[in-house]
Amino acid sequence: MHVFVLFVFMGYGADRSLVSDDMYFQSIDHCNLMASKIVKRHSSHGISAEDRVVAYCMPVKVDEIKETVY
C-alpha cells in the first residue's frame, strides 16, 4: 500500500536532526495539514535556531498490517 509519511526535523543547518518519521497518512492533504500545523507551532519568529522545525510529506510503500495509517 502506498501512503504518505510525515518527516519532522528539528534544528537548523548542520545541527538539524530527524525527530519523527513514523506518522503515515492515506491522503497527502491530511499529511500536509499536519505538517503545516507542526511547523506553525514552531515558526522562526522568536524561536532559537535549535528549536526550528521543518516538516514535509513523502510517498512511501508500507505494510498496512504492520503500520497505523491515519
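Some notes on this structure:
- Listed values (1) -0.22, -0.26, -0.85, -1.04; (2) -0.29, -0.34, -0.83, -0.93; (3) -0.35, -0.42, -1.07, -1.16 include one computed from this model; for log10 I(q)/I(0) by the Debye sum over Cα atoms at q = 0.11, 0.12, 0.21, 0.23 Å⁻¹ that value carries the label (2).
- In the context of the full set of protein chains, residues of the chain present 71 Å² of accessible surface per residue (probe radius 1.4 Å, heavy atoms only).
- Share of carbon and sulfur in the accessible heavy-atom surface of the chain [1.4 Å probe, %]: 53
- Taking the longest Cα principal axis of the chain as reference, the axis of helix 28-41 is set at about 20 degrees.
- Highest-first arrangement of 23-31, 3-11, where packing means the average Cβ count within 10 Å: 3-11, 23-31
- When the GluC sites (Glu not before Pro) in the chain are filtered for DSSP coil states and for at most 16 other beta-carbon atoms within 10 Å of their beta-carbon, the remaining sites are 64, 67.
- Charge dipole of the chain (Cα centre as origin; +1 on each Lys and Arg Cβ, -1 on each Asp and Glu Cβ, all else neutral): 240 debye, rounded to the nearest 20.
The values are calculated or read from the model by the stated rules, or taken from the named source; none is laboratory data. Predicted model, so just to flag it, every value in this text is computed and none were measured. Don't worry about glycine lacking a Cβ; one is built from the backbone with ideal geometry, like all the others, and counts go over all protein chains shown. The accessibility values were calculated without ligands, DNA or RNA, using every heavy atom of the protein model including side chains. Shrake-Rupley method; radii C 1.70, N 1.55, O 1.52, S 1.80 Å.
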